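Single-structure report; data block below.
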Amino acid sequence: MTTVKLSRRLRRCAWSLAVMLILVAGSHAQAQVSEGQWMGEIFGGNYGPGPDDVLDDESTFGLRAVTMISPKVALVGSISTVNFEDTVTDGLTTVNFDTDVLLVDFTAAYVIRPDKRVNIALGGGIGGSFSSTDATFTTPLVQGFFEDFDESSLTLNAAVGPVIHLTQRVYLKPLMRLRWFENRDDDETDLESTLAVGFKFGGGR
């Protein structure tokens with residue numbers, strides 16, 4: 001990864017990290033999460049692809065399911081989607097790409113300060129990326145269309161973010177996730193910054 005690309009990613013993260021630290025520093029209330037409790041999350045945010053010089057950041061949306069297997073350990077499954085559009089011109093030929101990506105992640109998370117209203121979750125795990133690309137090429141004499149260039153990849157991810165308990169049943173979770181793709185030769189990692197609204201189901205034990 002070049003210095004310029006690293007600098008871009010650090011700038012993207014700076015504000016989110018500052019907010020996390022402020023929230024954690026000001027927290028003294030009791031959290032309300034118990035072993036055996038299930039939670040569901042709806043999230044959206046910014047997706048920064050690894051090839052910064054080729055693809056622009058895009059919006060991402062998804063769902064998560066969380067279960068607490070102990071007061072400090074959670075298992076998380078998530079599914080999300082992101083769309084990329086790109087145009088490449090070579091001489092008199094122009095190619096437009098439209099790619100839909102489906103991301104599936106399975107993560108184990110460790111909760112720091114679980115007795116506080118705002119705590120920190122650190123996690124990592126494995127997943128998969130499934131993409132489908134349509135392409136249109138245009139020349140002065142002809143226009144063509146290709147569809148369904150499918151590709152999949154094993155992924156590994158690491159994530160960190162605060163969990164902010166608003167009420168007995170509702171919480172917020174700003175999260176930063178770094179995702180590595182097995183099938184890439186360079187720019188192997190993407191950075192995802194999201195905000196989730198979470199809902200707690202059941203009282204646990």
What's the number of the condition V54 fails, among (1) at pLDDT below 95; (2) surrounded by 15 or more Cβ atoms within 10 Å (Cβ to Cβ)?
(2)
Tell me, which residue of the stretch 97-111 that is of a type outside the set (D, E, K, R) and surrounded by fewer than 15 Cβ atoms within 10 Å (Cβ to Cβ) is farthest from S59 (Cα to Cα)?
Y110
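Name the strands (runs of 3 or more DSSP E) wholly inside the stretch 57-171 in which the number of residues that are modelled with pLDDT under 85 and of a type in the set (S, T, N, Q) is 1 or more. Break it down stepwise before answering.
Working: elements: 58-70, 73-90, 93-112, 118-138, 143-165.
Here the list reads 73-90, 93-112, 118-138, 143-165.
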Go through the residues of the stretch 73-85 one by one and say whether even a single one is over 22 Å from G44 (Cβ atoms) and either exposed (fewer than 15 other Cβ atoms within 10 Å of the Cβ) or of a type in the set (S, T, Y) (or both).
no
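The values are calculated or read from the model by the stated rules, or taken from the named source; none is laboratory data. Worth saying up front: this structure is predicted, and the values here are computed from it rather than measured. Methodologically, a virtual Cβ is constructed for each residue, glycine included, from the backbone with ideal geometry; neighbour enumeration extends over all protein chains shown.
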